[in-house]
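Written out below as structure tokens is the structure these notes cover.
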Amino acid sequence: MNDMTRVERAVDSKDIKINAKKVQVYYGATHAIKDVDVEIEDKTVTAFIGPSGCGKSTFLRCLNRMNDTIDICRVEGDILLDGEDIYDKRVDPVQLRAKVGMVFQKPNPFPKSIYDNVAYGPRIHGLARNKSELDEIVEKSLRRGAIWDEVKDRLDAPGTGLSGGQQQRLCIARAVATEPEVLLMDEPCSALDPIATAQVEELIDELRSRYSVVIVTHSMQQAARVSQKTAFFHLGNLVEFGETGQIFTNPVDPRTESYITGRIG
Amino acid sequence: MTDASMQSPETGRHTISLTATDERTQKRARAEKRFRSYGLAAIGTGLFFLVVLFTSILSQGLPAFQRTVVSVDFTLTEPQRDEAEGTLFKTKAYSNLFVTQLSKELSERGISVDFDEAAIERLLGKVGGTIRSFYAENPGKLNEPIKFDLTASSRVDGYFKGRVSRDTIQDSRFLQKSDLDLVDALEEAGIIKQAFNWPFIIGADSGVDNPGGAGIGASVVGSFFMMVVVLGLSLPIGVAASIYLEEFAPQNKFTDLIEVNISNLAAVPSIVFGILGLAVFIQFMHLPQSAPLVGGLVLTLMTLPTIIISTRASLKAVPPSIRDAALGVGASKMQAVFHHVLPLAAPGILTGTIIGLAQALGETAPLLLIGMVGFVARGYPDGFLAGFTEPNSAMPAQIYTWAARADVGFYEKAWGGIIILLMFLLTMNIIAIILRRRFERRW
Ligand SMILES: Nc1ncnc2c1ncn2[C@@H]1O[C@H](COP(=O)(O)OP(=O)(O)O)[C@@H](O)[C@H]1O
Ligand SMILES: [Mg+2]
């Protein structure tokens, strides 16, 4: 249980969880991310905002090496997770992704039961020694995903039969089931209605007590509501990065100001 | 509504009633109606030809499932046996005994007809030989009445089925006009009748002048062993190749080349595969000729492109979000494919495989080139492994051989064989549909 001790220590002094230095991403000849330096803190919600096509998703996907699945994608620079380079040759992306979970734009539960959706990650990583341990993990994860009360009576029902908002919370529960340290969310609310969005936002705020959360959003209100740090991307550059309050009230860069006031879209 | 409502009184603005269609709308409606009738006509034409096809297949092929049999009670005593065995022409002696007993039985029923041993031979083939070998094998059955079911010759069968009539018959060594009196008498006595033709279903091919004895069973077995080879090779190879190409292979010139070649292979005429099989498997690798193993190998080559193309299509149809989801929780690429993508693609893969197998089952040309012609199917293989290597034919090749033979009795057998082949294909297609329904999942 050395996880617990680390959690307690981290509450007072916010460690740097991910440190990205001079990151470049190319899709073939397209230079999608240019020279991005960013420090993501533990137990913090960091929001990535910016006009569409500016590279938010691309950068987010570098953080758990999901870009590896795109043949033409090439990443340069250093991304350190707890001081270790995640693009090191010795790093297996499979292990990395268990530590850095991801929630996608469109809710994508497996076409399996709710139970199996959540149990899949722990199963393949061997986190449970027996059925009752697995049951425990599933329940704990569904509770953290704030969906336990809604589904506890129908764990055998297909995950795809839930409403959009429930599906997205199920996906969050699935992501936390592997005990990740960082949660990446790529526009997790863009396919949801306002009520479901509010529920997910509330959940993100709760998740902050345990995880470092990085959320891409196209809604500035959302960024303002849930995040403590905000990064503004524009045309592949990180234009401004700082406290959310400061970015929204007193941006340094004129491009940030134009975007926030609605002049670049 | 009346016209009054069309004119709004305050503004005086003229509004067009929805109940009156204008010129453009009418034109569109007419165009749509025309298109529908074209569609219906097309479907109607298709259905018409289907009905014609099925009625002709059924009307021509169903008689093959009926045969004409003569069932006679025959008793052979021991002294009779010993006497017959003492003569020079032993089977002829047995034939004569048979003739005597048959005419006695007929006259007991008050029917008198004159016939000799030669007439019986024209009707029933070599009866004497059949009886003699029966008693040689079962000496214990002497002195008691035994029921012999003897298949009537193809001409007599044709007389019952309307192929042969008194007016058209020409005296020949196969059948003479006078023989028909005997046939009528036997029918009156209830000795000759129509029965279900089991020998057609379970039997093997017969000689060119014995259409009555021809059966499709042996070539069904040949087809079965070929399908075992095809399924056992093309499903694993095809699925593995598709998964590799679709999920793992890098996109480059080399994989592009492979892709183009697979698509082209699917369009190569089957006879090309046949001659390839002859050159490579038989002449170069010295595998046995006419063997279902070789037939299966050739058909595997033909089926692989079909399976690969349909498997890749069904892998492509699995939404990428499922792969992302699996990779996102830390599954390896292989786990993502085998745990999530493959189960979702399975119905499509199964359907493609069964359609590929059905194509292979109906393929004739390449089998003729490697020697799996119909007349090779003279019996069942001894045992399971021998089924792969012993010379045999396959259903379509057997049908082709029968259709090419001179005797019209074989023509009927060819149509009957087609009914059997179609039944197998229909079953396979129904299985494909059931599997697809059962495994289909929504996401
Ligand atoms: N798979 C890909 N292949 C090629 N180009 C891509 C791919 N994904 C994204 N891009 C390009 O990278 C840039 C950044 O895209 P993305 O990160 O999706 O932007 P955002 O998420 O901020 O809207 C865009 O110009 C886009 O066209
Ligand atoms: Mg995006």
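Every read-out reported here was derived from the displayed coordinates using simple, explicitly stated rules and does not represent laboratory data. Because the structure is predicted, anything quoted here is derived from the model rather than measured. Neighbour counts run over all protein chains shown; Cβ positions are idealised from the backbone, glycine included.
In chain B the longest region clear of GluC sites (Glu not before Pro) that are loop-assigned by DSSP and have at most 14 other C-beta atoms within 10 Å covers B:11-439. Simple rule: put +1 on each Lys or Arg Cβ and -1 on each Asp or Glu Cβ in chain B, find the dipole, and look at B:ILE354, B:VAL408, B:PHE54; the Cα lying farthest toward the positive end is B:ILE354.
When only the Cβ of Lys, Arg, Asp and Glu is charged (+1, +1, -1, -1), the dipole of region A:58-101 relative to its Cα centre reaches about 180 debye. Specify the residue with the greatest mean-square fluctuation among B:VAL329, B:VAL230, B:VAL72, computed from a Gaussian network of chain B linking alpha-carbon atoms under 10 Å apart. Highest fluctuation of the listed residues: B:VAL329.
Taking the charge dipole of region B:1-151 about its Cα centre, with +1 at Lys and Arg Cβ atoms and -1 at Asp and Glu Cβ atoms, the residue from B:THR91, B:THR151, B:GLN101 reaching farthest to the positive side is B:THR151. Expressed to the nearest 5 percent, the antiparallel share of DSSP beta bridges inside the protein assembly as shown is 70 percent. The Cβ shell under 9 Å around A:VAL239 holds other residues with a net charge of -1, Lys and Arg each +1, Asp and Glu each -1. What separates the Cα centres of region B:337-391 and region A:230-264 is a distance of 65 Å. Taking a ≥ b ≥ c as the square roots of the eigenvalues of the Cα gyration tensor, the protein assembly as shown is classed as prolate, since a/c reaches at least 1.5 and a/b is larger than b/c. Each of B:MET334 and A:THR261 was given a label point 7 Å from its Cα along the Cα-to-Cβ line. The distance between the two points is 5.8 nm. Of the residues A:TYR211, A:ASN130, A:PRO194, the one whose Cα sits farthest toward the positive end of the charge dipole of region A:117-214, with +1 on the Cβ of Lys and Arg and -1 on the Cβ of Asp and Glu, is A:ASN130. Only the Cβ atoms of Lys and Arg (+1) and of Asp and Glu (-1) were treated as charged; on that basis the dipole of region B:66-197 about its Cα centre amounts to roughly 500 debye. Work out the length of the dipole vector of region B:217-439 about its Cα centre, built from +1 on the beta-carbon of each Lys and Arg and -1 on the beta-carbon of each Asp and Glu, and round it to the nearest 20 debye. With Lys and Arg at +1 and Asp and Glu at -1, about 380 debye.
Tell me, which longest segment in chain A has none of the trypsin sites (Lys or Arg not before Pro) that fall in DSSP loops with at most 15 further Cβ atoms within 10 Å? By the stated rule (loop sites, at most 15 other Cβ atoms within 10 Å), A:155-262.
In chain A, the longest principal axis of the Cα atoms and the axis of helix A:131-144 are about 40 degrees apart. Under the membrane-span-like helix rule (DSSP H runs whose alpha carbons stretch at least 15 Å along the helix axis, mean Kyte-Doolittle hydropathy -0.5 or higher), chain B yields B:23-61, B:127-137, B:177-188, B:217-243, B:253-265, B:292-316, B:342-361, B:408-439. With contacts taken as Cα pairs under 8 Å at a separation of at least 6 residues, region B:281-409 carries a relative contact order of 35 percent. For the options A:ALA198, A:ALA223, A:ALA32, a Gaussian network treatment of chain A with springs between C-alpha atoms closer than 10 Å singles out A:ALA198 as fluctuating the most. With Cα atoms defining each centre, region B:274-332 and region A:158-214 are spaced 42 Å apart in the structure.
How would chain B be classified by its alpha-carbon gyration tensor: rounded, prolate or oblate, with rounded meaning a/c under 1.5 and the a/b versus b/c comparison settling the rest?
oblate
Axis angle, to the nearest 10 degrees, between helix A:164-176 and the longest C-alpha principal axis of chain A: 90 degrees. The distance from the alpha carbon centre of region B:135-182 to that of region A:14-76 is 90 Å, rounded to a whole number.
Working from Cα pairs under 8 Å separated by at least six residues, relative contact order for region B:86-188 is 29 percent. Once the Cα atoms are used to define both axes, helix A:114-125 deviates from the longest principal axis of chain A by about 80 degrees. Beyond 27 Å in Cα-Cα separation lie the following of the pairs A:LYS17/B:LYS316; B:LYS177/B:LYS413; A:LYS14/A:LYS99; B:LYS90/B:LYS147: A:LYS17/B:LYS316.
For the residues B:LEU304, B:LEU180, B:LEU47, a GNM of chain B with alpha-carbon springs under 10 Å puts the largest fluctuation on B:LEU47.
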